[in-house]
Amino acid sequence: MILDEKVSVVMPIYNPDYQIVESIRSVLEQSISGIELFLIDDASTVDYFHYIKEFLKLDNVYFIRLSKNLGPAAARNKGIEKSTGRYVAFIDADDSWEKDKLAYQLASFSEKDIALSFSEYEVIKIDGQTKHVQVPLYITYHGLLKNTIIGCSTVVIDRKKTGPFFMPDIRGGEDTATWLNLLRKGYRAKGIKEILVHYRIKEDSFSRNKWKMLARTWRMYRKTQYLSRCQTSYYFSYYVVNAIKKRI
């Protein structure tokens, strides 16, 4: 694949509501140029075309519909496969970005060992309450095992440094597994200590089920990082403590 300096943004879609309009606008109205946006529909069962039809007239917006529901990892991987930018960023269909998000983050890659950039974000709960999730300035592979602090919609990856990559095809934790796989190569991730993303929690959001979160993280450690039970128990204990702190 021949990469140019543009940013390829991948948005998986499954039965979105009107919030997708704000999500798409927040990508297209970034303060930098050279953005291509891939909308990957994961076999939605509701009609939402009226929300996005005007965006599909743009030269830098691409729509792909999967023939059957395969999950967010497969949807994102289809976008990654089709993308041509040096940088790859992710956003979910109900999240939104600050206007200067990409500009801030692209500057991170001037540091030689930085292959992934992420940022702080605001969680918007169903009742309208908000929570500011803070992040460290840098995080390594072992640090991320202890603290899965990186929000998917905050991430930008420098593919020139990492080489080709795809998300593990698992249901839950596929994003964190991806960051771990990249950092395991010896790179660090740089955190932007400013809220650049607004993350909405839906009523049926997978992340709202705490027991599922625990189970998926344990499974992800074992299946994608190949940790022993002893190693998994060690990192999992840190994960639980940090997960509780993040939600206080």
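For W97, the accessible surface of its heavy atoms amounts to roughly 10 Å² (probe 1.4 Å, protein chains only, rounded to the nearest 10). Take M213: with every protein chain present and a 1.4 Å probe, its accessible area is about 20 Å². The eigenvalues of the Cα gyration tensor, multiplied by 5 and square-rooted, give the chain an equivalent ellipsoid with semi-axes of 26, 21, 18 Å from largest to smallest. Taking amide H as placed 1.01 Å from N in the peptide plane, Y138 has its amide H under 5 Å from the amide H of G191, each at least 5 places away in sequence or on another chain. Computed from backbone phi, the HN-Hα couplings of the stretch 143-152 come to x, 6, 4, 7, 8, 7, 8, 7, x, 4 Hz, rounded to whole numbers (Karplus: 6.51 cos²θ - 1.76 cosθ + 1.60, θ = phi - 60°; Gly and Pro given as x). Accessible surface for I64 stands near 40 Å², nearest 10, in the context of the full protein assembly shown (1.4 Å probe). Loop-located GluC sites (Glu not before Pro) across the stretch 156-236 with a Cβ neighbour count of 10 or fewer within 10 Å are E203, with loop assigned by DSSP. Under 13 Å of direct C-alpha separation, and excluding same-chain neighbours fewer than eight residues apart, K82 reaches these aspartates and glutamates: E36.
Less than 5 angstrom separates the built amide H of E194 from those of E120, all sequence-distant by 5 or more or on a different chain.
For chymotrypsin sites (Phe, Trp or Tyr not before Pro), the sites in the stretch 14-92 that DSSP calls loop and that have at most 16 other Cβ atoms within 10 Å are Y18.
Label the stretch 1-101 by shape, choosing from rounded, prolate and oblate, from the square roots a ≥ b ≥ c of the eigenvalues of the Cα gyration tensor; if a/c is under 1.5 it is rounded, and otherwise prolate applies when a/b is larger than b/c, oblate when it is not.
Oblate.
Count neighbours as other Cβ atoms within 10 Å of each site's Cβ, and list the trypsin sites (Lys or Arg not before Pro) in the stretch 47-96 that are DSSP loop with at most 11 such neighbours. In loop regions of the stretch 47-96 (DSSP not H, G, I, E or B), the sparsely surrounded trypsin sites (Lys or Arg not before Pro) are K53, K68.
Cα-Cα over 21 Å: which of K6/K101; K6/K161; K101/K212; K161/K223?
K101/K212; K161/K223
Placing a label point 7 Å from the Cα of D17 along the Cα-to-Cβ direction, the residues of the stretch 45-65 whose backbone N falls under 18 Å of that point are 45-52.
The values are calculated or read from the model by the stated rules, or taken from the named source; none is laboratory data. Note that the structure is a prediction, hence the values are computed from the model and not measured. So basically every Cβ, Gly included, is an ideal-geometry build from the backbone, and we count neighbours across all protein chains shown. Heavy atoms of the whole protein, side chains included, go into the accessibility calculation; ligands, DNA and RNA do not. Shrake-Rupley method; radii C 1.70, N 1.55, O 1.52, S 1.80 Å.
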